[in-house]
Amino acid sequence: MTIDNRPLMAAALGCALCASPALAQSTTEHTPYPPAANGEGRVTNAYATARWSENWSAPGEAREIDDPLDRLKHIRLDSDDDIYLTLAGEMRLRTNFTSNPGLVKGEHQRHDILRVTGGADLHLGEHVRLYGELSHADSSGHNIGTPSVYQENDLTVEQSFVEVTGTLRGLDLGARYGRQMFYDGSKMLVSQRDNNAIHYTQNGLRLWARGRDVRVDLFDFKPTAYGRQGTGDDRINDEIRFSGVTVGTQLPRDLLGGSKLSFDPFVWRLRRREAAWVGTVGREERVYVGAHAWGDIGPVNIDWTVNHQSGSFEDRAIDAWQVFLSQTVALGAQKGAPRVGFNFDYASGGGGNEDGPGAGKMRNAISPHGANTPFSHHLFLTASNLVEVAPTLSLSPVKSVKILADYSFAWRATTGDAIYRANTRPLAGTQLSTSHKTAEMPRLQVQWNISPRVGITARYEHVFAGPALREAGYGDSDFFGTWISLRF
């Protein structure tokens, strides 16, 4: 793959700095920024959805070894244990059943999807690591058409990066260059899209500086355009570029009578050379200015994101908004107490249809690469021209089982525009409807973590099509999915 030289020079500079004695042996004591809030989801001696974010630096004798496979998490390669290797793997078997696929009356669809992933994390001393990850995806079933490259792929290099870190004057500094997963903020905006067999990955450079209570992350990426025949046909998609800065801070613990909150303002830019809107394909540049606030206030947990999008699509100005508000409250003081709450999601719409094709401001909001399954596993909704409200309930009847339930009500933000599916393509005919209401969706998910290595999930959703769908010829549909994940 090819990447321009500017990020490479920056990465090389980062390597030189992090290798310097001043950076590696700073005399100023520091308290690390909380790993759970640093935009990476780092975990220690545990499994994560993104395997690269696992930290197995403690040798085996310093950890509880559950079984021989656990010894693969820290393989010494020198006598001083300065160089060690972590191996990781996953196999996920998933089956999705959908009636009336595409919300159109017809033959059911059964999609069987296999994911096989293997990763190697090589640590060269305290400051340098090399990470690589290969993945295979296979699809079969009934009435599935041609699966996407994210669901059927002979072999792909899903991640391949070098990372250099160090400490200077109380700050943790780092640079990561290469193919990597990126998510820093609300999953509605940026996500690795674990619903797919092959994850969404980016290519480029990420830099960070983290103190005790404040962090700064900068990035410049282009997404991976996967082929399906092997590692040789994957490339960097030069048509899209995503860059920006996030500034995170830990708010005072005595705020609001006692809290544990993170506040992460951000300024991002997304450039697409061939964006398609309102029957027109053209260059689009969006600037996102917003903030993500999340954490606990006593028994209340919040996850709030607001952003405004400006810029241009061809010669039209962009003026769009997104609001994602999720909040729950614990019904008891004990750990694992049931939680009730509600989600509110808003994404502005209006591609110019209300003023005539190609006229007026572009008010359709989009997410850079957010998750779509929170809206529906049917994938007929995305964060554009959408208003959604959903009361929620979560409980753990036993320690290893978690039940999630909600009932979603969805509308179009404006009737002058279409309903948009997960790929931001409009549902044909919905732009002609005069109704606001899109659908109602009861949803239930059960997760059983049999062990740290084995988990089973089952999910059911039903779509009660509303007038905005029915007037365009769409109808009700059921979705049932179940998957088992095996990890080491």
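What are the semi-axes of the equivalent ellipsoid for region 233-280, taken as the square roots of 5 times the Cα gyration tensor eigenvalues, largest first, in whole Å?
Calculated on Cα positions only, the semi-axes equal 39, 14, 9 Å.
So which trypsin sites (Lys or Arg not before Pro) in region 289-351 end up in coil per DSSP with only 11 or fewer other C-beta atoms within 10 Å?
Lys335
Classify region 278-358: rounded, prolate or oblate, from the alpha-carbon gyration tensor (a ≥ b ≥ c, eigenvalue square roots; a/c under 1.5 rounded; otherwise prolate if a/b is larger than b/c)?
Prolate is the answer for region 278-358, as a/c is 1.5 or above and a/b outweighs b/c.
Return the Rg/Rh ratio of the chain with Cα-based radii and a Kirkwood Rh.
0.96
Note down the nm distance, to one decimal, between modelled labels 7 Å out along Cα→Cβ at Thr231 and at Arg169.
In this crude label model, Thr231 to Arg169 measures out at 4.1 nm.
Read phi for every residue in region 388-398 and hand back ³J(HN,Hα) as whole Hz from Karplus 6.51 cos²θ - 1.76 cosθ + 1.60, θ = phi - 60°, with x for Gly and Pro.
Karplus values, whole Hz, x for Gly and Pro: 9, 10, 8, x, 10, 9, 9, 8, 10, x, 9.
Scattering from the C-alpha atoms of region 330-470 alone, worked out with Debye: what is log10 I(q)/I(0) at q = 0.21 1/Å?
-1.21
Just to make sure I understand: if all protein chains stay in place, what is the order of Asp476, Asp315 by accessible area at 1.4 Å, largest first?
If we order Asp476, Asp315 from most to least accessible, we get Asp315, Asp476.
Grab every C-alpha pair in region 110-158, bin the distances at 5 angstrom width from 0 up to the longest one, and report whole percents.
5, 19, 22, 14, 12, 9, 7, 5, 4, 2, 0
Using amide H atoms built in the peptide plane, which far-off residues or other-chain residues are under 5 Å from Glu158 H to H?
Correct list: Glu133, Leu134, Ser135.
Would you give the gap between the C-alpha center of region 372-420 and the C-alpha center of region 266-302, rounded to a whole Å?
Their Cα centres are 18 Å away from one another.
Which value in Å is the Kirkwood Rh of region 301-399 over different Cα pairs?
With all distinct Cα pairs of region 301-399 included, I get 15.6 Å.
Take the alpha-carbon centre of region 129-190, take the same for region 29-49, and report the distance between them in whole Å.
That distance is 18 Å.
Evaluate 2.2 N^0.38 Å with N set to the residue count of region 416-488, then give the Cα radius of gyration divided by it.
With N residues counted in region 416-488, Rg over 2.2 N^0.38 Å equals 1.53.
For region 249-260, what does the Karplus curve 6.51 cos²θ - 1.76 cosθ + 1.60, with θ = phi - 60°, yield as ³J(HN,Hα) per residue in whole Hz, taken in order and with x for Gly and Pro?
8, 8, 6, x, 5, 8, 5, 6, x, x, 7, 9
Which of the peptides 45-51, 445-451 is most tightly packed, and how do the rest follow, going by the mean number of other Cβ atoms within 10 Å of each residue?
Going by the mean number of other Cβ atoms within 10 Å, highest first, we get 45-51, 445-451.
Could you rank the peptides 403-415, 95-107 by their average count of other C-beta atoms within 10 Å per residue, with the highest value first?
The densest-packed peptide leads the list: 403-415, 95-107.
Using alpha carbons only, what's the Rg to Rh ratio of region 67-198 with Rh from Kirkwood?
Here Rg/Rh amounts to 1.11.
Cα-based Rg of region 176-290 per 2.2 N^0.38 Å, rounded to two decimals?
It is 1.28.
What's the magnitude of the charge dipole for region 258-406 around its Cα centre, counting Lys and Arg as +1 and Asp and Glu as -1 at the beta-carbon? Answer in Debye, nearest 20.
With Lys and Arg at +1 and Asp and Glu at -1, about 520 debye.
Take every Cα pair under 8 Å in the chain that's 6+ residues apart, average their separations, divide by the length, and report that relative contact order as a whole percent.
Answer for the chain is 11 percent.
Residues in region 118-142 near a label at Asp154, defined as backbone nitrogen under 17 Å from the 7 Å Cα→Cβ point?
Counting backbone N atoms under 17 Å from the label point, the list is 134-139.
Among Ala88, Leu218, Gly350, whose Cα lies farthest out toward the positive end of the dipole of the chain, if unit charges sit on the beta carbon of Lys, Arg (+1) and Asp, Glu (-1)?
Gly350
When the convex hull of the C-alpha atoms of region 134-210 is computed, what volume per residue in Å³ does it have?
Hull volume normalised by residue count: 101 Å³.
Which whole-Hz couplings ³J(HN,Hα) result when phi for each residue of region 198-214 is put into the Karplus expression 6.51 cos²θ - 1.76 cosθ + 1.60, θ = phi - 60°, listed in order with x for Gly and Pro?
9, 6, 7, 10, 10, 10, x, 10, 10, 10, 8, 9, 9, x, 5, 10, 9
For region 165-293, with only Lys/Arg (+1) and Asp/Glu (-1) charged at the beta-carbon, what is the dipole magnitude about the Cα centre, in debye rounded to 20?
100
Using a basic spin-label model with each label point 7 Å from the Cα along Cα→Cβ, how many nm lie between Thr31 and Ser53?
About 2.3 nm, to one decimal.
The values are calculated or read from the model by the stated rules, or taken from the named source; none is laboratory data. Given the structure is predicted, the values throughout are model-derived calculations rather than measurements. Virtual Cβ from ideal backbone geometry, glycine too; neighbours counted across all protein chains shown. In case anyone asks, the SASA skips ligands and DNA or RNA and just uses the protein heavy atoms, side chains included. Shrake-Rupley method; radii C 1.70, N 1.55, O 1.52, S 1.80 Å.
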